[in-house]
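Below is one structure, written out as structure tokens, with a few remarks after it.
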Amino acid sequence: MVYEWIIANKELIKIFYALIIVFICAVIVLKTDRLFRLSSHKGIRYFRNAFFFFGIGFIIRYFFGVLPNYRFIITIIFEYFLIMAGFFLLYSLLWKKIEASGSDYYSSLFNAKIFIFYVMSFVIVLLDYLWGTYYLMFSSQIILFSLASIISYANYKKNGKRHKFLKFYFIAMMLSLVAWMLNALASLLLNWHQGILIVIYLLNIIIFLLFLFGVIKVTAK
Amino acid sequence: MAKKRERLNVIKDILDAIQKNRQIKPTRLLYASNLSPQMFKDYINELISKKFIRLDIDDKEKKTFSLTKKGNDFLQEYKVIDNFIENFGL
């Protein structure tokens, strides 16, 4: 009965779902932007950028996506922003191994190091469009969140006793990986089965709420 | 082997030394910061350009560093920033 009610009101629920995600992203971006402006810490910057791209992606997909003539282009832009957000999130965990902490950039969103993400995301979106599939997006995100899960698990094992949120971060990465796997399954084998999509939406809300919880708890004085 | 100090930690140590003394001469700050002269110069230039500290020169050409409001804000928020970086593995 609940399932039927959800299916009957799915458009409304999608908007509500997007509102929750966009709200969470806005809070995370604002809170982390303040910390970044004070510290100029690159990890904080890439983390903030990830949620900025998630937020913009969801705004475009669920609020502008209702315009019937632009659905196709909006899906492409949504895919692009989602892939970029994933890259930023992974890079926020990896940047220390790649670049020096002291080097400065003119812009928070564009620099030579992360330019490669923009190119890679563009290529993924372009090839998916040409092939009429989502194969590359799903594969890239599954690889990306597998790596993020491994790194966050290593962080948790190393410092988990002193820094409690590392455990939740690892859980969030694992849930993201599961969500992307379900997405791929729903798309490739189950013809976008509505039940699977509901589970994915619920997983996404849990993941974003976990991050919101972490940001609010850690930044509280 | 001693662990290399993180950039954020060095900045915090410099700002801490200035805050404790209110105004501090460059040579004393160099000793307090425990950095090489070149590294010290780089950090000081960065902190001045980011308006965390200011260089005051009096009538006798005596130079001292003092904290700006932004520098004070950073010190107050340092624990939050450090906690954030550690808890999110950044």
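Each reported figure results from applying straightforward, stated rules to the coordinates on display, with no laboratory input. Here the structure is a predicted model, which is why all the values come from computation and not from measurement. Every residue, glycine among them, receives a Cβ derived from its backbone with ideal geometry; neighbour counts consider all protein chains shown.
So here's what we get for this one:
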quantity: For chain B, the Rg and Dmax computed from alpha carbons only, in angstrom; calculated: 13.8, 49
quantity: Ranked list, fewest to most other Cβ atoms within 10 Å of each Cβ, for B:Asp82, A:Asp128; calculated: B:Asp82, A:Asp128
quantity: Cβ-derived FRET efficiency at R0 45 Å, A:Ala8 paired with B:Ser49, nearest 0.05; calculated: 0.15
quantity: Order of B:Ser49, A:Ser152, A:Ser40 under a 10 Å beta carbon neighbour criterion, fewest first; calculated: B:Ser49, A:Ser40, A:Ser152
quantity: Rounded Å value of the spacing that divides the Cα centres of region A:77-92 and region A:1-28; calculated: 21 Å
quantity: In region B:38-68, the trypsin sites (Lys or Arg not before Pro) that fall in loop regions by DSSP, at most 13 other Cβ within 10 Å; calculated: B:Lys51, B:Lys60, B:Lys62
quantity: Out-of-range pairs (alpha-carbon distance over 20 Å; input A:Lys164/A:Lys217; A:Lys217/B:Lys20; A:Lys164/B:Lys79; A:Lys42/B:Lys50; A:Lys42/A:Lys97; A:Lys31/A:Lys157); calculated: A:Lys217/B:Lys20; A:Lys31/A:Lys157
quantity: Amide H partners (placed H, <5 Å) of B:Gln23, local residues excluded; calculated: none
quantity: Set of aspartates and glutamates near A:Lys167 by C-alpha distance (under 20 Å), chain-local residues within fewer than 8 positions excluded; calculated: B:Asp82, B:Glu86
quantity: Dipole magnitude (debye, nearest 20) for region B:8-51, charges at Cβ of Lys, Arg, Asp, Glu; calculated: 220 debye
quantity: Computed magnitude of the charge dipole of chain A (debye, nearest 20; Cβ of K, R +1, Cβ of D, E -1); calculated: 1160 debye
quantity: Neighbour-count order for A:Arg45, B:Arg28, fewest beta carbons within 10 angstrom listed first; calculated: B:Arg28, A:Arg45
quantity: Sum of -39500 (n - 2.57) over DSSP H runs of 4+, divided by residues of chain A (222 nm, nearest 500); calculated: -28000 deg cm²/dmol
quantity: Within chain A, longest stretch free of exposed chymotrypsin sites (Phe, Trp or Tyr not before Pro) [DSSP loop, at most 16 other beta carbons within 10 Å]; calculated: A:1-104
